[in-house]
Amino acid sequence: MQTLDKYLELFHKYRKQIGRDDLPYVKEMRDAAILSFQQSGFPGRKEERYKYTHLEPVFDGELSFDFQPRKIDYDEAEIFSCDVPMLDSNVLTVLNGFFHHPETEALISLNNGIIYGSLKEASTQYPDLVKKYLGKIASSNDEPFVALNTAFSQDGIFLYIPEGVRMERPIQIINLLLSDKNQIVQHRNLFVLEKNAEAQVIVCDHTLSPQMFLTNSVSEVYTGENANLDLLRLQNEHNNSCQVTNTWINQDRNSNCQHGTITLHGGIVRNNLRINMEGEGAETSTLGLFLTDKMQHVDSYTVIEHSKPHCTSNQYYKGVLDDASTGAFNGKIHVHPDAQMTKAFQSNNNILLSDAARMYTKPRLEIYADDVKCSHGATVGQLDEEGLFYLQSRGIAKDESRLMLMDAFTWDVISKIKQPSLRGRITELVGKRLRGELSRCNNCAMHCD
Amino acid sequence: MTDQEKILNEVTDSDYKFGFQTNIDTETIPKGLNEEVVRIISAKKEEPKWLTESRLKAFRHWQTMKMPQWAHLRIPEINYQDIIFYAAPKQEAKYENMDEVDPELIDTFNRLGIPLEEQKQLAGVAVDAVMDSVSVKTTFQDTLADKGIIFCSFSDAVKNHPDLIKKYMGSVVPYTDNYFAALNSAVFSDGSFCYIPKGVHCPMELSTYFRINAANTGQFERTLIVAEDDSFVSYLEGCTAPMRDENQLHAAIVEIVAGENTEVKYSTVQNWYPGNKEGKGGIYNFVTKRGICRGDNSKISWTQVETGSAVTWKYPSCILKGNNSVGEFYSVAVTNNYQQADTGTKMIHIGKNTRSTIISKGISAGKSENSYRGLVKVLKSAENARNYSQCDSLLLGDKCGAHTFPYLEVDNRSAVVEHEATTSKIGEDQIFYCNQRGIDTENAISLIVNGYAKEVLNKLPMEFAVEAQKLLAITLEGSVG
């Protein structure tokens, strides 16, 4: 109760600053969202969806909140360092939840009609375009953290690909967290792909200072008819941070979407993913891979809504858990009454490496149509003894054999990443992570705690 | 309309076969539930003081609880003050021989396909027939008594073996366990008690038939099976209920205690009245079934065929406490018309090298909802625990739902836990394959459904398999030959 009151008070006290440039519809949205959040409150342990992840204590901490981009001294070289540096991409930097653009405009419009940059700027420059989608995909009533974000969010990334345009280079969004005090960051992204559009988006998260960061982000994604989107999220924050991501995707007719989440580091991570296939013949494939150790906690919550016939969905989630880390997977496939000819598949495999590691998995099928092929599978186990023995009998050291088996285990997910250079980079990062090596520069003190 | 649709419609339209009512005077108490009623039930059954107290304790606890809402079920609110909590057939005489048994009662059993007079000749089946709440006739007691096996009604056991009841009742399912367990602990009417002494291999299948009869009565049975070290018992439970308009409440508790090197096999065929085609009437079936493998190397096996009830809420569970103990759960659940079922199991792995297998087959037709909900929990102490779960759903019709909610909680790295589930309808190619080999569509569906459920039906004891097949045939009438 008290935590809820804190946020309500914060909202009402700073109501003017929070929504200083709001258009009327955004203002209404915020008011509705805070009301909805007031009703739902922070999800407690009794709530089925949050049974294994209790976030209220994290939100209760001493956290500062920025209404405007704060001027922060940073090292230029440091800020542009990234886990996926080799990629030829359009890099967009988000610093503490605000689009960071020291050298460019806040909103970049290309000749072929592509628009990308700050969401805040976009909502004033292209009000009709933003209004059509903002808040329409992720509903505050479905999810308390979406409501909280809707009420407080200030900025984020807006990406618009017009009809028939293919974005040649991937968009790379780097979320940087750098502060001198503990901080809560709530940014909001909106990606819109019109009919026949194609784009690839990579999102990376980095913490650059050892303070505690709490991120509650919302990404709303719309893929129009026949559009093709590849969205990959690489989570690599330090272990003192907490991240709640809410990704809501609406897919139109025959669109194709691949969504991937790779979690390497991060204290408490909760990923909410909801894909609604609201057009016939849509296809989606979601990947998830998490590697946890120490006291890390990663909870993946996915909902795939098959609202229309002839849609296909595939989910591959894998986890490797070491030390006292905990993992949770809660995946739901919901096939609506008229969604005939649905094909849905879901798998969740996990490996426990230590006695203190824990895994909770709950794959769910809710099916209301009869002409469907749906299946799911979940396993929790350890490295295969026979496999280990086989490798050792061929002269490979035990530790190396274990790594090889783990590499092979994670490869099932990684191999499904379409872009070859990205796939290669992720393979390397995961390999390094499994070996306990640092993925970033050696003088970075972030991951050594 | 294609042949297949026609057959599916016939299936969906089939009537409840066992819908008849026996006209026997029943002794009832007024409607409603309060402490006084609990006391009356206890007094009517001439129970000792400690049991009355335990009932009252459960009742007081129940009053503080709320009806659970987590199941994937739509249950209209139940008015507990509108239910009669005790009904017993009036002719309560102890029968010396078969001639004294009420002919009408015998007729009822005949129509159910379990002629009482033939029981003695039937292949080793002893029947403790529970008519509403009071045990009417117990057979084969002498044969069992020779071996030291106690198999009697729960109230007899309270009178004759109070120590055993006191020791084991509530030890697996305490009254605080859940809403319906608390209710049952307060108002349970009768049930069966079975005790297998150390080292005894029970020579025959023990079985009980339950049958709700008097209108407006809830039946709250309690079954307690205690199997001492090195023993074996196979227990059968079957239910059929006559047709009724008003919903009837059924909240039972089954407890199994298994010692060391013990095997307990519990089989159920459940066919309570499912309600009519509009979803009116039918039994509410809320059952708490749980077994514990106390000692090492024990095995508890649950097999169930669920075809009846308007609402089923049932999770036969195993607590695998002893090392190397084994839990099994085999289930076929068929729902039709407006039936709703939320059923599954819980496997709690505590001991080392414990193993569990879950095979669940759901078949939904009409406008029914069929859910599997299961928990596999591996505790830190359960080294090398192993679980395999398979949950398949078959959909017959486009208005029904099939759902799977498995929970896997693993707290030990040496554990291997696997879960698999599929949902599909009968493939047209499968039917086509049968057709082109001269099997008509009706028989083809029968063949496929039979094959689909066979894995579970095979686990039923011989004596029960016949009835199980009959029930499947009734529920899927027109498609099963």
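The values are calculated or read from the model by the stated rules, or taken from the named source; none is laboratory data. The shown structure was predicted, so the numbers you read here are calculated from the model rather than taken from an experiment. Positions of Cβ are generated from backbone atoms using ideal geometry, with glycine treated the same way; all protein chains shown enter the neighbour counts.
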Of everything in the range B:389-435, what is of a type in the set (S, T, N, Q) and facing chain A (nearest Cβ under 9 Å)? Give them in sequence order. B:Ser389, B:Ser393, B:Thr404, B:Asn412, B:Ser414, B:Thr422, B:Thr423, B:Ser424
Determine if the range A:3-17 includes at least one residue that is loosely packed, with under 13 Cβ neighbours inside 10 Å, under 30 Å from A:Tyr360 (Cβ atoms), more than 23 Å from the chain's Cα centre (by Cα) and aliphatic (A, V, I, L, M). no
With a cut-off of at least 3 residues that are out of contact with any Phe, Trp or Tyr (no Cβ under 8 Å at 6 or more places or on another chain), surrounded by 13 or more Cβ atoms within 10 Å (Cβ to Cβ) and modelled with pLDDT under 80, name the helices (runs of 4 or more DSSP H) lying wholly within the range B:38-154. B:103-112
So for the range A:297-312 (the condition being out of contact with any Lys or Arg (no Cβ under 6 Å at 6 or more places or on another chain), away from chain B (no Cβ under 13 Å) and farther than 23 Å from A:Thr223 by Cα), does at least one residue qualify? yes
Looking at the range B:393-401, can you tell me whether even one residue there is under 17 Å from B:Thr312 (Cβ atoms) and more than 23 Å from the chain's Cα centre (by Cα)? yes
Restricting to the range B:404-427, name every residue that is without any contact (Cβ under 8 Å) to a residue 24 or more places away in the chain and more than 19 Å from A:Gly327 (Cα to Cα). B:Gly427
When you go through (1) of a type in the set (Phe, Trp, Tyr); (2) more than 13 Å from chain A (Cβ to nearest Cβ); (3) crowded, with 23+ Cβ neighbours inside 10 Å one by one for B:Tyr452, which number turns out not to apply? (3)
Being within 24 Å of A:Gly279 (Cα to Cα) and within 10 Å of chain B (Cβ to nearest Cβ): is that true of A:Asp371 here? yes
Residue that is nearest to A:Val298 (Cα to Cα), among those in the range A:337-346 that are surrounded by 20 or more Cβ atoms within 10 Å (Cβ to Cβ) and either facing chain B (nearest Cβ under 9 Å) or not aliphatic (A, V, I, L, M) (or both): A:Gln346
Could you say which residue among A:Gly387, A:Gly424, A:Gly395 is more than 10 Å from chain B (Cβ to nearest Cβ), surrounded by fewer than 23 Cβ atoms within 10 Å (Cβ to Cβ), more than 27 Å from the chain's Cα centre (by Cα) and assigned to a helix (DSSP H, G or I)? A:Gly387
Check the range B:357-367 and report whether any residue there is under 19 Å from A:Thr361 (Cα atoms), surrounded by fewer than 24 Cβ atoms within 10 Å (Cβ to Cβ) and more than 9 Å from chain A (Cβ to nearest Cβ). yes
Verdict on B:Lys314 being of a type in the set (Lys, Arg) and either at pLDDT 90 or above or touching a helix residue (DSSP H, G or I) at 6+ places or on another chain (Cβ under 7 Å) (or both): yes
Every listed condition ((1) under 30 Å from B:Tyr338 (Cα atoms); (2) more than 14 Å from chain B (Cβ to nearest Cβ)) holds for A:Thr410 save (1)
In the range A:169-181, is there at least one residue being in contact (Cβ under 8 Å) with a residue 12 or more places away in the chain, crowded, with 22+ Cβ neighbours inside 10 Å and of a type in the set (D, E, K, R)? no
Every residue in the range B:269-286 that is surrounded by fewer than 24 Cβ atoms within 10 Å (Cβ to Cβ) and either under 13 Å from the mean Cα position of the chain (by Cα) or among the charged types (D, E, K, R) (or both), please. B:Lys277, B:Glu278, B:Lys280, B:Tyr284
A:Tyr133 - would you say it is surrounded by fewer than 22 Cβ atoms within 10 Å (Cβ to Cβ), of a type in the set (Ser, Thr, Tyr) and modelled with pLDDT of 90 or more? yes
